[in-house]
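What follows is calculated from the coordinates using simple rules that are stated; it is not laboratory data. Small disclaimer: the values here were computed from a predicted structure and weren't measured. Methodologically, a virtual Cβ is constructed for each residue, glycine included, from the backbone with ideal geometry; neighbour enumeration extends over all protein chains shown.
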Amino acid sequence: METNLKGKVALVTGASRGLGFAISLALGRAGADVALTDILVEEQEYDKDELEKYSVLAAHFAEDGAVKTLSGAEQVRSMGSKSCAFKMDVTDRDEVEKVMKSVEAELGSVDILVNNAAVMDNLERFDKQKLELWRRDLGVNLTGAFNCCQAVWPGMVRKRWGRIINISSVAALMGASLQPSYGATKAGLIGFTKSLAVEGGRCGINVNAVCPGFIATESVQLYDEMMTERIKKGTALKRLGRPEEIASVVAFLASEASSYITGAAIPVTGGMDLLNL
Ligand SMILES: NC(=O)c1ccc[n+]([C@@H]2O[C@H](COP(=O)([O-])OP(=O)(O)OC[C@H]3O[C@@H](n4cnc5c(N)ncnc54)[C@H](O)[C@@H]3O)[C@@H](O)[C@H]2O)c1
């Protein structure tokens with residue numbers, strides 16, 4: 001099976017940490033040239049209040065050492081692939097267009113797009129949910145993927161080859177307590193994936209979604225221990241996943257080895273979504 005991505009250009013959104021970072025390294029390791037993009041980039045000046053208004057998690061991780069967008073590109077280069085990093089807010093269409101042009105100039109046009117950027121810090125009882133956060137979540141998690149897909153689609157159609165991998169969630173399959181907007185956006189991504197797969201099929205573009213269970217990224221490690229233990233108990237494999245266990249599935253879906261898979265939503269959950277009586 002051919003999982004070699006040599007000669008392909010990949011772009012990953014939300015690559016400053018967690019799954020996006022691990023996915024970028026996995027694609028680089030498989031030989032792809034990789035553009036890491038994120039709303040957070042090292043050496044960037046932030047307005048802490050503005051960032052806090054945008055996302056509690058973003059403000060938490062904006063500190064030195066937690067953001068690894070530029071250093072991730074450096075790591076990919078050390079593997080022998082080309083790599084670059086850009087600040088890119090997926091909700092900002094102008095910035096998305098601008099970054100796509102810069103990536104094309106540095107690496108070539110994007111063959112593999114991984115829509116991974118998301119906000120997942122809106123946890124609240126439904127009666128207390130705020131409309132502005134519902135809109136933010138739709139904007140980043142769903143419209144962000146729409147913006148990035150539209151930016152790379154014409155290039156993929158021209159080449160008659162493309163891979164789009166949308167990072168959904170187990171929350172799309174099972175729902176998520178206190179996270180109605182998150183669950184809705186992640187389920188929406190599956191519908192979006194299937195619809196684009198139908199259209200992309202005619203021009204060599206495969207579009208799939210990956211639905212991770214609980215994966216021990218920096219963000220999930222902020223959960224309290226009791227909650228983590230409950231999650232482990234409800235998971236068939238009795239542990240959280242590792243970021244590399246999602247990244248390897250994404251690398252497979254980006255490769256020729258998955259050439260007959262499109263429109264799929266693949267659970268990578270350790271069996272968290274199974275009936276566990
Ligand atoms: N970790 C898990 O257990 C888990 C489970 C299911 C699904 N997921 C999904 O996997 C993906 C990554 O999860 P993670 O745990 O690494 O999350 P994370 O919060 O650590 O990472 C999300 C990344 O997206 C970036 N981001 C946020 N808003 C952005 C914007 N507007 N534009 C560009 N980048 C933006 C953040 O800066 C961050 O780097 C997300 O789509 C998440 O919903 C994660």
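In this structure, does LEU107 turn out to be touching a residue at least 12 places away in the same chain (Cβ under 8 Å), closer than 28 Å to TYR182 by Cα, more than 8 Å from the ligand (Cβ to nearest atom) and crowded, with 21+ Cβ neighbours inside 10 Å? Considered against the rule, which asks whether it is touching a residue at least 12 places away in the same chain (Cβ under 8 Å), closer than 28 Å to TYR182 by Cα, more than 8 Å from the ligand (Cβ to nearest atom) and crowded, with 21+ Cβ neighbours inside 10 Å, LEU107 comes out as no. Considering each residue of region 227-238 in turn, none proves to be within 24 Å of VAL140 (Cα to Cα) and either within 12 Å of the ligand (Cβ to nearest atom) or within 14 Å of the chain's Cα centre (by Cα) (or both). Kindly indicate the residue of region 80-99 that is out of contact with any Lys or Arg (no Cβ under 9 Å at 6 or more places or on another chain) and of a type in the set (A, V, I, L, M) and also surrounded by the fewest Cβ atoms within 10 Å (Cβ to Cβ) among those meeting that condition. Checking each candidate, the answer is VAL96.
Scanning region 27-48 for residues that are within 24 Å of ASN141 (Cβ to Cβ), buried (at least 24 other Cβ atoms within 10 Å of the Cβ) and of a type in the set (A, V, I, L, M) gives LEU27, VAL34, ALA35, LEU36, ILE39.
Does SER248 satisfy being within 16 Å of the ligand (Cβ to nearest atom), touching a helix residue (DSSP H, G or I) at 6+ places or on another chain (Cβ under 7 Å), over 28 Å from TRP134 (Cα atoms) and not β-branched (Val, Ile, Thr)? Talk me through it step by step, then tell me what you get.
On the way: within 16 Å of the ligand (Cβ to nearest atom): yes; touching a helix residue (DSSP H, G or I) at 6+ places or on another chain (Cβ under 7 Å): yes; over 28 Å from TRP134 (Cα atoms): yes; not β-branched (Val, Ile, Thr): yes.
Criteria met by SER248.
Residue pairs whose Cβ atoms lie under 7 Å apart, sitting 6 or more positions apart in sequence or on different chains, and linking a residue in region 161-179 that is without any contact (Cβ under 8 Å) to a residue 60 or more places away in the chain to a partner that is part of a strand (DSSP E or B) and more than 10 Å from the ligand (Cβ to nearest atom), are GLY162/ILE205; ILE164/LEU113; ILE164/ILE205; ILE164/VAL207; ASN166/ALA209. So, SER102, is that one surrounded by fewer than 19 Cβ atoms within 10 Å (Cβ to Cβ) and either under 22 Å from THR143 (Cβ atoms) or over 16 Å from the mean Cα position of the chain (by Cα) (or both) or not? Yes, satisfied.
So that you can scan it fast, the table gives a plain yes or no per residue for (1) closer than 13 Å to THR37 by Cα; (2) in contact (Cβ under 8 Å) with a residue 40 or more places away in the chain; (3) among the aromatic types (Phe, Trp, Tyr):
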| position | (1), (2), (3) |
| --- | --- |
| LYS98 | yes, no, no |
| ASP111 | no, yes, no |
| ASN115 | yes, yes, no |
| VAL119 | no, yes, no |
| CYS148 | yes, yes, no |
| THR185 | no, yes, no |
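Of the residues making up region 223-263, those that are closer than 25 Å to GLY14 by Cα, part of a loop (DSSP other than H, G, I, E, B) and small (Gly, Ala, Ser) are SER255, GLY263. Does at least one position in region 178-192 carry a residue that is more than 18 Å from the chain's Cα centre (by Cα) and either surrounded by fewer than 17 Cβ atoms within 10 Å (Cβ to Cβ) or in a helix (DSSP H, G or I) (or both)? Yes, that holds for at least one residue. Screening region 12-103 for helices (runs of 4 or more DSSP H) wholly inside it with 3 or more residues that are more than 10 Å from the ligand (Cβ to nearest atom) returns the ranges 18-29, 48-54, 69-78. Checking the structure you have, find out if any residue of region 199-215 is part of a helix (DSSP H, G or I), within 14 Å of the ligand (Cβ to nearest atom) and more than 25 Å from SER177 (Cβ to Cβ). No, region 199-215 contains no residue that is part of a helix (DSSP H, G or I), within 14 Å of the ligand (Cβ to nearest atom) and more than 25 Å from SER177 (Cβ to Cβ).
Of everything in region 193-202, what is polar (S, T, N, Q) and surrounded by fewer than 20 Cβ atoms within 10 Å (Cβ to Cβ)? Give them in sequence order. Scanning region 193-202 gives a single hit, SER195.
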